[in-house]
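Below is one structure; the comments refer to it alone.
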Amino acid sequence: MDKLQAYKISFKGLKDGKHQFHYTIGKSFFEQIEGSIIEKGSFEVDVVMNKTSQMLQLEFNIDGNVQAICDNCLGDIIVPVSYEGILYVKFGIEYDEPSEEIIVIPKEENELNIAQLIYEYIVVSMPLRSVHEDHLSCDPEMKAKLEQFSGEQHHTNNKIKETTDPRWDALKKLKNNTNK
């Protein structure tokens with residue numbers, strides 16, 4: 001049995017016009033998606049389907065948050081995510097995706113599972129970097145470790161001391177020899 005059965009929209013028996021669908025998505029949804037990069041999240045998904053004899057127009061409105069890892073300190077962070085978009089589903093001979101906004105399904109189909117679409121819309125709406133809004137929320141122990149191993153300059157007794165990894169010193173000598 002299909003784990004994501006609840007996300008199938010049977011459109012053959014529906015009258016032409018607008019139909020509304022609502023889904024509440026949580027951790028179990030992301031566990032059922034194969035290869036999901038999201039483990040925990042909480043979303044409200046509203047889908048308005050406008051059915052005509054030639055096509056389906058699906059309007060997605062997704063709001064919620066994902067539990068992610070801060071790119072600075074590796075601590076847990078809640079990332080707000082929202083998406084609004086329209087998908088056009090046309091009927092044709094075979095399945096095709098000519099663009100991001102259009103998919104073609106065979107005329108014989110009578111239902112459409114939108115679970116993968118919802119997942120993809122959430123993923124592409126996530127920010128490229130997930131960081132705490134203020135650096136005070138970052139894990140202080142991890143920040144100290146990052147500073148220790150970053151190789152940046154540190155001020156000690158009014159002198160600037162550059163801390164580097166000694167393994168790189170030999171490579172720096174080679175680099176300096178080639179620049180002469």
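Since every read-out is calculated from the coordinates, none of them should be taken as a lab result. Just so it is clear, the model here is predicted, and its values are computed rather than measured. With ideal geometry, Cβ positions are generated from the backbone for all residues, glycine too; neighbour counts draw on all protein chains shown.
Work out how much length Ser10 to Leu74 would gain on full extension: take 0.36 nm times their residue separation and subtract the Cα-Cα distance, in nm to one decimal.
Working it through step by step, the gained length comes to 18.8 nm.
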With a 29 Å threshold on alpha-carbon distance, the violating pairs from Lys18/Lys40; Lys12/Lys40; Lys40/Lys145; Lys3/Lys40; Lys27/Lys90 are Lys18/Lys40; Lys12/Lys40; Lys27/Lys90
Candidates Glu34, Glu120, Glu109; GNM for the chain (alpha-carbon contacts under 10 Å) flags as most fluctuating Glu34
Non-local residues with an amide H under 5 Å from the amide H of Ser130, with H modelled 1.01 Å from N and Pro and chain starts lacking one, are Asp71
For the chain, take the longest principal axis of its alpha carbons; what is the angle in degrees between that and the long axis of helix 140-149, to the nearest 10 within 0 to 90?
60 degrees
HN-Hα J in Hz across the range 106-119 - Karplus 6.51, -1.76, 1.60, θ = phi - 60°, x for Gly and Pro
x, 4, 6, 4, 10, 8, 9, 8, 9, 4, 5, 5, 4, 4
For the pair Ser82 and Asp139, what calculated FRET efficiency results from E = 1/(1 + (r/R0)^6), where r is the Cβ-Cβ distance and R0 = 30 Å, to the nearest 0.05?
0.65
